[in-house]
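Here the structure is laid out as structure tokens; the discussion comes afterwards.
The values are calculated or read from the model by the stated rules, or taken from the named source; none is laboratory data. As the structure is a computational prediction, the values presented were derived from the model and not from experiment. With ideal geometry, Cβ positions are generated from the backbone for all residues, glycine too; neighbour counts draw on all protein chains shown.
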Amino acid sequence: MTQPLAFIVLIVAVGICEISYARVMDRPRWIQCQSNSECTPGYCCTIGKQKFSIPQCKLMHDIGDVCRPDGSITLNTTLMYPDGSQIELTEVHDMFCPCGYGLSCDRRDAVCRDPSQERGFNHLPGEAITEDD
Ligand SMILES: *[C@@H]1O[C@H](CO)[C@@H](O)[C@H](O)[C@H]1NC(C)=O
């Protein structure tokens, strides 16, 4: 009666060890993100060009920030690190985040703009927000 139980406990314990080991191999601590959804809202997952670059959550670009008029580049790729870990990335941005929500990249000036405030630059966001007098 106790022997089969001990056997099951052993199997379960080995299984748990294997799962946590696999998870550690799969995702070292220094990896911040493997996709944009892992970053807090307003941030995106980026990867640098250099070898062994580490994916990081970065702030989405705000109004007036430089952006790519030809659209943001996203990558699906697998990174390999010297320690043998392999990290799969899904739709991660190349170096920089795109413009934030509701903003678009101005083709001519290559800066993020709010299309709803397209008429000149007189009305900056925040100006309209004067809650109490
Ligand atoms: C990357 O993968 C996602 C989900 O698997 C897919 O929807 C998307 O089209 C892929 N993008 C590229 C650039 O291959």
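Just so you know, in the stretch 48-74 the residues that are surrounded by 13 or more Cβ atoms within 10 Å (Cβ to Cβ) and within 16 Å of the ligand (Cβ to nearest atom) include one that is nearest to the chain's Cα centre (by Cα), and it is 55.
Filtered by the rule that a residue be at pLDDT below 85 and either within 30 Å of residue 28 (Cα to Cα) or not assigned by TED's automatic domain parsing to the domain that holds residue 104 (or both), the stretch 60-72 gives a lone residue, 72.
For the stretch 91-107, a residue qualifies if it is in contact (Cβ under 8 Å) with a residue 24 or more places away in the chain, surrounded by 12 or more Cβ atoms within 10 Å (Cβ to Cβ) and either farther than 20 Å from residue 29 by Cβ or away from the ligand (no atom under 16 Å from the Cβ) (or both), and the qualifying residues are 91, 93, 94, 95, 96, 97, 98, 99, 100, 103, 105, 106. Taken over the stretch 78-90, the criterion of being within 16 Å of the ligand (Cβ to nearest atom) and surrounded by 11 or more Cβ atoms within 10 Å (Cβ to Cβ) is satisfied by 79, 87, 88, 89, 90. Close Cβ contacts (under 8 Å, 6 or more residues apart or on different chains) running from residues in the stretch 32-46 that are of a type in the set (D, E, K, R) to residues that are modelled with pLDDT under 95 comprise 38/32.
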